[in-house]
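To start, the structure itself, in structure tokens.
The values are calculated or read from the model by the stated rules, or taken from the named source; none is laboratory data. Bear in mind the structure is a predicted one, so any value in this text is a computation, not a measurement. Quick reminder, even Gly has a Cβ in these numbers, built from the backbone with ideal geometry, and neighbours come from all protein chains shown. In case anyone asks, the SASA skips ligands and DNA or RNA and just uses the protein heavy atoms, side chains included. Shrake-Rupley method; radii C 1.70, N 1.55, O 1.52, S 1.80 Å.
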Amino acid sequence: MDKNYLIFTDISADIDPAFAEEHQIHFLPMNYSVGGEDRCCSAPETDAFLKVFYDGQRNGDLTQTTQISPQSYIDLFTPYLKAGNSILYLSLSSGLSNTYASSLMAVRELGEVFPEVTVRSVDSLSATGGMDMLLEYAVLNRENGMSLEENARWLEENRLRVCHWFMVDDLMYLKRGGRVSAATAVMGTALDIKPILKINREGKLDTFMKKRGAKNAMKELLALYEGATEGGDNELIYIIHSDVPDRAEFVANALREKNPTCRIKIRMLSPIIGAHTGPGLCAIVHMGSR
């Protein structure tokens, strides 16, 4: 069994750079544009950089992302495979992007060229903090001696335990993504409506609730967490936000009241996902029941 393997993910994950470096997590770069300027995100960005990105959105910069091609995987993975390394890759949800489908095409081709090593792609059915959580478990599983295939199977068997609850601030981003109508976006903005979304069991976005005002929306996130969490000592919780640190701290303090032993990690949302959600997003990600 192959117990010496590399762990890759795409840069839409918002993992702590120090954790990624310490545990040798490798990233697949992703391209995006801001105000017509093409950029490449190849490593986790700093909070200072992300603040400029979200300020740009607030000032009217249009943001888009570009699909990853199968060739991008082939180009990135080939040197590692040539060196005799096997690869476990955790992908952004297939319900949100074609990233996973592209990776499978590349895996099939690479398997023919490098039959002596293994390349395995796992659909996270998650995004951002959910991917971070699965990556932490993947690292722990590897350190505890799980083979690549055992680890991939564990991820597939446990990925639906990851819960994502989040609110968005700017309905116009949902309108551009086709998730709400133009009329709903305009009316909702006027009434300060904050949609509550989740990632469902198919890895797709569901807008299933609306609250008026950010504070009511954050309280709803906490209620959803409380109703779904597995809890327990040292519970790992990710709080993801797009340049609203005050909201992240409000949620973190409330979570500590509910579970004083929990381990909270606060991360700013990458430009890859933030390009589609805009500034003001706040999310709670934990293990539980979707």
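Being in contact (Cβ under 8 Å) with a residue 40 or more places away in the chain, open to solvent by less than 20 Å² (accessible area, probe 1.4 Å) and either among the basic types (Lys, Arg) or not in a loop (DSSP other than H, G, I, E, B) (or both) is the filter here, so list the residues in the range 140-157 that pass it.
Leu148, Asn151, Ala152, Leu155
Can you give me the number of residues within the range 14-32 that are in contact (Cβ under 8 Å) with a residue 60 or more places away in the chain and over 22 Å from Thr78 (Cβ atoms)?
6
Quick one: count up the residues across the range 51-81 that are closer than 17 Å to Asn31 by Cβ and of a type in the set (A, V, I, L, M).
Selection size over the range 51-81: 4.
Right, Tyr89: within 19 Å of Gly130 (Cα to Cα) and not small (Gly, Ala, Ser) or not?
Against the criterion (within 19 Å of Gly130 (Cα to Cα) and not small (Gly, Ala, Ser)), Tyr89 qualifies.
Would you confirm whether or not the range 47-58 contains a residue that is part of a loop (DSSP other than H, G, I, E, B) and either surrounded by fewer than 12 Cβ atoms within 10 Å (Cβ to Cβ) or not polar (S, T, N, Q) (or both)?
Checked the range 47-58: no residue is part of a loop (DSSP other than H, G, I, E, B) and either surrounded by fewer than 12 Cβ atoms within 10 Å (Cβ to Cβ) or not polar (S, T, N, Q) (or both).
Scan the range 73-93 and report the pairs whose first residue is in contact (Cβ under 8 Å) with a residue 12 or more places away in the chain and whose second residue is open to solvent by 30 Å² or more (accessible area, probe 1.4 Å) and outside any strand (DSSP E or B), with Cβ atoms within less than 6 Å and a gap of 6+ or a chain change.
Ser86/Asp2; Ser86/Thr118; Ser91/Tyr100
Go over the candidates Leu104, Leu134, Leu191, Leu110 one by one and state the one that is modelled with pLDDT of 95 or more and open to solvent by 50 Å² or more (accessible area, probe 1.4 Å).
The match here is Leu104.
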